[in-house]
Every structure is written in structure tokens, then in C-alpha cells.
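Trainee: Structure in C-alpha cells, see below.
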Amino acid sequence: MCFRYLIYSMNICRLNRIFFAVLALCLCGPVLAQWEEPIVIDDNYQHTEYPLQEGSPLVFGGRPAGVGSVLFETNPTGAKVYIDDIYQGQTPLLIDNVPDGTYSGRFEMEGYLNHYMSFDVAATLQSHVTAGLQLRPHYFFDRRELYTTVIYENSKMNAEGWGVGNSWGVYIRNINLEQTTVVHIGINNTVSFEGSVGYGFIMGRLNRFRLIPQIGYAGVWFDHVDTAISGWSGYLRGGLNFKCAFTEQYAFSTTLLYDKTGFGFRAGVLFYVN
């Protein structure tokens, strides 16, 4: 009887141990799951995969062997990202499956200077490429300029009163030096060579406009058709030049002239060569 009771007790203990073991597994499972490394996906980043070429390495665990990832960030955000001159997206940008190696990168954003860099990608690692973009200087007129202007002139140098020409000028810290050549075709057939100096002003907050009072010396060669008289004469000439910028490269230029023949004017398109 005692022996049979002993066997029964041992079976009960064995069942209890099995029961507690199952209970322990049920309780410890969620606890162990809490210690697994969480996968965090930041929705603020664009996610893309670098286009792999034919013959790429084999894929292990969802990622080809010999590739990494690159995270691009800029201040401010929203810059276009180019890798080896190929557009990839806008910052912030996370690119996966980039074969390891060295690449050239470029950030572009309207109103900011382009930012260039080179970066390395290591297998199974993430590279972090950041850039602080600099504002692009915005101006219609610089303090140092070299320009040329194709001009039309209407004056009383000869009977026809009109001429075409070209002027070259330099503008340094509000001082304007200009050389102008105008060919008048008419009865007198004159060619004028003029050198002038002026001092320019930006017109208040209207930085698209500039006013330059000028004074110059014009040397004129003339060949009168009727009298067959030719010669050279020179005289002072005053001018009031007005420039209106279309862009940072081009401007409209007009000048009101006054000399011994009376009033005249020039008009033309100016563009900067520096």
C-alpha cells in the first residue's frame, strides 16, 4: 500500500513540474520579447533603393552583399540630391542598397549655392552625409562690374540724326568709366569716340534701377558728302544714364545726352561680361 502511494505521489510531482514549466514558458515569452531590438522607421525620411546594375552581389537577408545605405540631410531641408550627377530625391533622404565605394554628391536648392562633396559607402553600414547650404548672393548691380552695351543713338551730329554703336564700361564702387563708339551714316558720315566718367546711385530701395550722371569728351571724325570736307573735332558732352535690370546678367540702358548740337539720347541692351 505504501509503495503504491509512493508511486502515485511521484506521478503527481512530475505532473506539477510539467505544469509549472509550461506556465513559466507562457509568462517568460512576452518578457523576453520586450528585450528584442525595436525597428524604428522615421516617416520624415524618404526611403529609396539605389538601382543595382546587372551582375550585382547575391542577396543575403534582403540586402545584397557589399552594399550599405546613405542618409542625406541639409539645413535647410528640401535640397535636391545628386549622386554621380544622377538625381535621387530631396533631403532628408535615406537610400538603401548602395554598393560600397566612393561617390561624388551634389546638393542643389533654389536661392542657395550648390554644395559639392565626396563620400564613402561601406558594406552593411550607414553613411551620414550632411551639409549647411549657403544663401546665394542676390543682386542686380554689383560694386564691381565689367559690361558691354549695344546701343542706338539719336542726336544732331548729322542730318540723319541716328547711329549705332557699342560701349564698354567698368563700374567700381559707384565710379563709372565708359568708352563709346558710334557710327552715324548720313550726309556727314560721322564716327564718334567718347570717353566718359560718372558717379552712380541705386535709386533708393529700387535696387533694380541705377542712375548715373556722366560727363564725357567726344571726338568726332566727319566726312561731309556734299562739300567733301572731312575733319576731326572734339567737344564736351553731358549725359544722364539710367539702367533697369532685367536679371542679374542683363539690363536696359538709356542715356539722355546734351552737347553743342543740342539734346539726344541713347538706348540699348547691356550685359555683364564678368
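The values are calculated or read from the model by the stated rules, or taken from the named source; none is laboratory data. Since this is a predicted model, take the numbers as computed values, not measurements. Using ideal geometry, Cβ is built from the backbone for each residue, glycine included, and neighbour counts are taken over all protein chains shown.
Trainee: Those residues that are in contact with a Lys or Arg (Cβ under 8 Å, 6 or more places away or on another chain), surrounded by 15 or more Cβ atoms within 10 Å (Cβ to Cβ) and more than 15 Å from residue 164 (Cα to Cα), I need them from the range 259-274; list them, please.
Mentor: 259, 261, listed by residue number.
Trainee: Is it the case, given these coordinates, that residue 202 is assigned by TED's automatic domain parsing to the domain that holds residue 226, surrounded by 14 or more Cβ atoms within 10 Å (Cβ to Cβ) and of a type in the set (A, V, I, L, M)?
Mentor: yes
Trainee: Something else: Residue check: is residue 162 modelled with pLDDT of 95 or more, among the aromatic types (Phe, Trp, Tyr) and either touching a strand residue (DSSP E or B) at 6+ places or on another chain (Cβ under 8 Å) or closer than 30 Å to residue 227 by Cβ (or both)?
Mentor: When the stated conditions are applied, residue 162 does not pass them.
Trainee: Just to check your reading of the model, which residue among 112, 82, 116 is closer than 15 Å to residue 136 by Cα and buried (at least 16 other Cβ atoms within 10 Å of the Cβ)?
Mentor: Checking each option against the conditions leaves just 112.
Trainee: State all residues of the range 205-224 that are without any contact (Cβ under 8 Å) to a residue 40 or more places away in the chain and surrounded by 13 or more Cβ atoms within 10 Å (Cβ to Cβ); if no residue qualifies, say none.
Mentor: Selection gives 209, 211, 212, 213, 216, 217, 219, 221, 223, 224.
Trainee: In the range 137-148, how many are exposed (fewer than 13 other Cβ atoms within 10 Å of the Cβ) and in contact (Cβ under 8 Å) with a residue 12 or more places away in the chain?
Mentor: Total satisfying the criteria: 4.
Trainee: Residue check, residue 260 against (1) out of contact with any Gly (no Cβ under 7 Å at 6 or more places or on another chain); (2) modelled with pLDDT of 95 or more, all met but one. Which one?
Mentor: (2)
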